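What follows is calculated from the coordinates using simple rules that are stated; it is not laboratory data. Remember, it's a predicted structure, so these values are computed and weren't measured experimentally. Reconstructed Cβ throughout: ideal geometry from the backbone, glycine too, with neighbour counts over all protein chains shown.
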Amino acid sequence: MDLYTRFQSHFYDDPSLGLSVDISRIRFADGFFAEMEPRIQKAYAAMAELEGGAVANPDEKRMVGHYWLRAPELAPDAATRAAIESALASIHAFAESVHAARLRPERAERFENVLVIGIGGSALGPRFVAEALGTPADRLRPYFLDNTDPDGIDRVFDAIGAGLPRTLTVIISKSGGTKETRNGMLEARAQYERVGLTFAKHAVAVTGDGSELDKYAVKEGFLARFPMWDWVGGRTSELSAVGLLPAALQGLDVDALLAGARACDVATRSRETKKNPAALLALAWYSATGGVGKKDMVLLPYKDRLELFSRYLQQLVMESLGKSHDLDGKEVHQGIAVYGNKGSTDQHAYVQQLRDGLDNFFVTFIEVLRDRAPERAGLEVDPGFTSGDYLAGFFLGTRRALTESGRESVSLVIDEVSPRTLGLLIALYERAVGFYASLVNINAYHQPGVEAGKKAAVDVLAVEQKVFSALREAKGKPLTVDAIARAAGTSDVETVFWIVRHLAANPDRGIVRELPAGGSPFAATYRTIS
Ligand code: PA5
C-alpha cells in the first residue's frame, strides 16, 4: 500500500472535536487492528468500569475519578458530584473576588501575581497550561516554585521582587506532606515575613481534607482551602482545583478547558476503534514499542506554547506506565520513555540522531493549524511565505525525512492553542495512557517508585541528623568520613561521604572540610567551626 493510501485509511479526523490523528506512519501490519480488537475491547470495558466508580487502583484500593471532574453527573454518587460542582463554584467565586479586588492583600490594593508552589502532578499541569495560554493580559501573572533548590527558590523571589505584597501564594499538595512543597511554603512564608507581611493573608491551599497542609492552613488562617480528593491521582489532577484554581486566577477560561476535556471524553468513549482517537494512540504505541516499551516517545509540537507538553506527558506516561509488575503479579518492567521540546527548534539539536542514529523511538508530531492571532497576521518573510509557512514546512519536511529513513511517527493536528484544545489534549492522553495500561495489563494509577524515592530521602536526612550530632560531639576535632560514620552509628559510609561534602560546601552549615594537598577525597577530614 502506498503511503497516501495508507494515510487515507488510518487518518482520524473529527472537525467538531477539532482533532486529527494520523497513525499511518507507524508500521503495523495489515492484520494488527483485527488481532488487537479483543484486547482493546477489554480496555474499553475496564475503562467503563473505572468511570462507573470501580476500584481501578487495586493496590491503593481507590476509585479513579478524573473523568468525573469534567462530567460531574457521571460521578458514582450524589455526594461526589456535589463536591466537584461546589469546588468549581468556589474556584470561580474566589478568582472573581481576587480579580475584582474584593479580596485584597494585607497592604496593597489588589493581587497582581500568583505564586504556585507544588511538585510533580501538583505543578506540571498548572505550569504547562499557564505557559501555553499566558498573555500580557493575564489577570494575575503566574510564577512557579516546584523544587527545594534554595537557589531556584531565590530566583523565583528575585523575579517577583517588589511585587511580593501583591502576590497570592497557592500551595498545592494532594498528600499535604510532600517535603519539597512544604519547604517552598516555609521559604515563601519567610519572604513575606521579612517584609513585615502575614503569610496567611496571602496564602491558599489545595490539598486533601485533614492533611498536614490542610491542618496548617486552618491553624494559620489561610485565605481559603480547596479540595483534592483521594480518587484523583496527582498526574491526572489538572482539571481539579490543582489546575483550575491557578488557571482561573490567571484569568484563563477554565470552563472551556473542562469543555474541551469533556468533548474528548465523549469521543474517546466510542468502542469503535477507528473512531476513538485515544484507542488509536494506545494501539500505535503498542505497535511501535512492541507492548514492552522498546521505543521511546519523542514529542515534537510545532508550537512554542506547547513546549511544556512533553514534560507534562513525561510524567503522565512514565509515572503511569513505568511499573515493575503487572496486575497478575508478574515481573514485567513496563514503561515508555518520553522526551521532547518543540519543533522546529529541536531540528537543530537531537533530530540529527532521530534521522540517522539509533532507531529506538517514535515521534509524535503536533501541528497547530492557526499560526498566530489573526490581528497579528501579515508579514511575508520571503515573497509569498510567512514564518508560519516555514514552521509547517519544517514539520512536514521532518516528518517526511524520518519516514524516508524508516523512522515511525504519529501526527496530531489541533486548530489552535486555546483552553478548549488544551483540555482536549489532556483528556486524550489521560485516556490513551489508561487504554495502553490495559493492553499491557498494568495498574496505571499507583506510583510505588515515587513513594519509595520520598522515603529514601527521609532516610538520608535521618543519617544527616546523626552526622551533625557526631560532628558536634567531636567539638571541632577533625574526623574522617569513616570516623564520622562510626560515630553516627551507620555502616552507610558512602552516604556520609556525600552528606559531609555537601554540608562543607555551604558556609552557613558550619562544617569545614580539610584535605591534605594532593590527598584522596577519602582522606578529607571534617569538623565543626568552633
Ligand atoms: O503523580 C503523582 O502522584 C506525584 O507526582 C505527585 O503529584 C507528587 O509527588 C506531588 O505529590 P503531592 O501532590 O501529594 O504533594
- Note on the structure: By the C-alpha gyration tensor axes a ≥ b ≥ c (rounded if a/c is under 1.5, else prolate when a/b exceeds b/c, else oblate), the shape of the stretch 191-247 is prolate
- Message: If Rh is defined by the Kirkwood formula over all Cα pairs and Rg also comes from Cα, what ratio Rg/Rh do you get for the stretch 72-119?
- Response: 1.17
- Message: Is there a quick way to get the dipole size of the stretch 99-162? I mean about its Cα centre, with the Cβ of Lys and Arg at +1 and of Asp and Glu at -1; what is the value in debye to the nearest 20?
- Response: 400
- Message: Give me log10 I(q)/I(0) at q = 0.14, 0.20, 0.23 Å⁻¹ for the stretch 9-121, Debye formula, one equal scatterer per alpha-carbon, no solvent.
- Response: -0.95, -1.14, -1.21
- Cα-centred dipole magnitude for the chain, charges only on beta-carbon of K, R (+1) and D, E (-1), debye, nearest 20: 1140
- Message: Just to confirm my numbers, what's the Cα centroid distance between the stretch 224-291 and the stretch 343-405 in Å?
- Response: 26
- Task: Can you give me the three principal axis dimensions of the stretch 415-530 from its C-alpha atoms, in Å, biggest first?
- Result: 66, 34, 27
- Computed about the Cα centre, the charge dipole of the stretch 1-147 from +1 Lys/Arg and -1 Asp/Glu charges at the Cβ has a magnitude in debye, to the nearest 20, of 460
- Computed on Cα atoms, Rg of the stretch 269-362 relative to 2.2 N^0.38 Å comes out at 1.20
- Message: Among 259, 210, 199, which residue has its Cα furthest toward the positive end of the charge dipole of the stretch 158-294, with +1 on Lys/Arg Cβ and -1 on Asp/Glu Cβ?
- Response: 259
- Task: For residue 171, list long-range residues whose amide hydrogen, built 1.01 Å from N in the peptide plane, is under 5 Å from its own amide hydrogen.
- Result: 117, 204, 205, 206
- Which residues qualify? For residue 114, with a placed amide H closer than 5 Å and at least 5 residues away or on another chain, they are 141, 143, 168
- Query: Considering only DSSP states other than H, G, I, E and B, which GluC sites (Glu not before Pro) in the stretch 199-294 qualify as loop sites with at most 12 other Cβ atoms within 10 Å?
  - Reply: 272
- Using the charge dipole of the stretch 425-508 (Lys, Arg: +1 at Cβ; Asp, Glu: -1 at Cβ; taken about the Cα centre), state which of 425, 478, 436 has its Cα farthest towards the positive end. 478
- The FRET efficiency for residue 49 and residue 274, from their Cβ-Cβ distance with R0 = 22 Å and rounded to 0.05, is 0.45
- If you keep only loop residues by DSSP, which trypsin sites (Lys or Arg not before Pro) in the stretch 230-306 have at most 12 other Cβ atoms within 10 Å of their Cβ? 294
- Query: Looking at 308, 327, 246, which one has the Cα that reaches farthest to the positive end of the dipole of the stretch 240-332 (charges on Cβ: Lys, Arg +1; Asp, Glu -1)?
  - Reply: 327
- Note on the structure: For the stretch 167-261, Rg(Cα) over 2.2 N^0.38 Å is 1.10
- Task: Taking every pair of Cα atoms in the chain, average 1/r, invert it to obtain the Kirkwood radius, and report Rg/Rh to two decimals.
- Result: 1.01
- Task: Sticking to Cα atoms, compute the Rg of the stretch 209-276 to one decimal and its Dmax as the biggest Cα-Cα distance, whole number, in Å.
- Result: 16.2, 54
- Message: Just to confirm the number: angle between the C-alpha axis of helix 448-473 and the first principal axis of the chain, 0 to 90 degrees, nearest 10?
- Response: 10
- Message: Given the DSSP H assignment, sum -39500 (n - 2.57) over each helix run of at least 4 residues in the chain and divide by its residue total; what's the result at 222 nm in deg cm²/dmol, nearest 500?
- Response: -14500 deg cm²/dmol
- Task: Scan around residue 361 for amide H atoms under 5 Å from its own, H built in the peptide plane at 1.01 Å from N, and keep only partners 5 or more places away or cross-chain.
- Result: 296
